[in-house]
Amino acid sequence: MGSLVEVLKDNNKRKLVLDDCEVLLDAEVADKKGLSGVAVKGAFKVLKKFKAGMIRITLDDMIDEFAVQIDPFWLECQKNGQDARGFFVSRQSDVANALLSITDERAKISPNRGIRKAYNGLRPKAVQHISDAMPRLSQLIKKHAS
């Protein structure tokens with residue numbers, strides 16, 4: 001069975017996963033609509049302007065923790081022989097909350113007030129935003145951890 005944690009130990013594969021994570025984030029942000037979408041797009045723009053390459057740096061810094069949270073879901077999916085998309089969509093709230101446990105802790109200790117403010121403003125809708133990303137996230141996991 002594949003493991004995202006193991007994949008990320010290979011620097012060449014890690015780069016490819018990070019590339020796909022950036023594409024996923026850009027696509028998800030671009031798809032956001034309404035007032036909530038405006039807030040997400042604004043926060044994302046602030047993060048990108050804060051420091052060049054910050055999204056990539058942050059992803060690289062957090063991806064190992066994300067993989068630790070995702071792997072139990074992925075292993076369960078494989079063990080049960082389920083379709084990745086269907087499995088992750090059916091468990092979207094659980095996966096979202098597992099990932100948010102990492103960002104919540106990071107936000108608490110961030111020395112940057114602007115980042116904390118942006119995060120706290122988006123946090124109430126974060127489970128829904130991450131849940132919306134499950135189809136793309138499941139394909140990314142399947143692609144790299146299979």
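The values are calculated or read from the model by the stated rules, or taken from the named source; none is laboratory data. Please read these numbers as outputs of a predicted model, since none were measured by experiment. Glycine gets a Cβ as well: all are built from the backbone with ideal geometry, and neighbour counts include every protein chain shown.
Some observations on this one:
- Selection status of A118, under 26 Å from K13 (Cβ atoms), in contact with a helix residue (DSSP H, G or I) (Cβ under 6 Å, 6 or more places away or on another chain) and in a helix (DSSP H, G or I): no
- Meets criteria (at pLDDT below 95, assigned to a helix (DSSP H, G or I) and at negative phi) for H144: no
- Residue tally, condition free of Cβ contacts under 8 Å to residues at least 24 places away in the same chain and polar (S, T, N, Q), over the range 46-85: 3
- Single condition V95 does not satisfy, out of (1) more than 16 Å from L4 (Cα to Cα); (2) of a type outside the set (D, E); (3) touching a residue at least 12 places away in the same chain (Cβ under 8 Å): (1)
Matching residues to (1) among the β-branched types (V, I, T); (2) over 17 Å from Q139 (Cα atoms); (3) at pLDDT below 90; (4) touching a helix residue (DSSP H, G or I) at 6+ places or on another chain (Cβ under 9 Å):
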{"site": "G2", "(1), (2), (3), (4)": "no, no, yes, yes"}
{"site": "V5", "(1), (2), (3), (4)": "yes, no, no, yes"}
{"site": "L8", "(1), (2), (3), (4)": "no, no, no, yes"}
{"site": "E22", "(1), (2), (3), (4)": "no, no, no, yes"}
{"site": "L25", "(1), (2), (3), (4)": "no, no, no, yes"}
{"site": "K32", "(1), (2), (3), (4)": "no, yes, no, yes"}
{"site": "G37", "(1), (2), (3), (4)": "no, yes, yes, yes"}
{"site": "K41", "(1), (2), (3), (4)": "no, yes, yes, yes"}
{"site": "A52", "(1), (2), (3), (4)": "no, yes, yes, no"}
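- Odd one out for A118, checked against (1) modelled with pLDDT of 90 or more; (2) surrounded by 18 or more Cβ atoms within 10 Å (Cβ to Cβ): (1)
- Some residue of the range 79-93 being over 23 Å from D19 (Cα atoms), under 15 Å from the mean Cα position of the chain (by Cα) and loosely packed, with under 14 Cβ neighbours inside 10 Å: yes
- Scanning the range 19-71 for residues that are outside any helix (DSSP H, G or I) and surrounded by fewer than 14 Cβ atoms within 10 Å (Cβ to Cβ) yields a total of 4.
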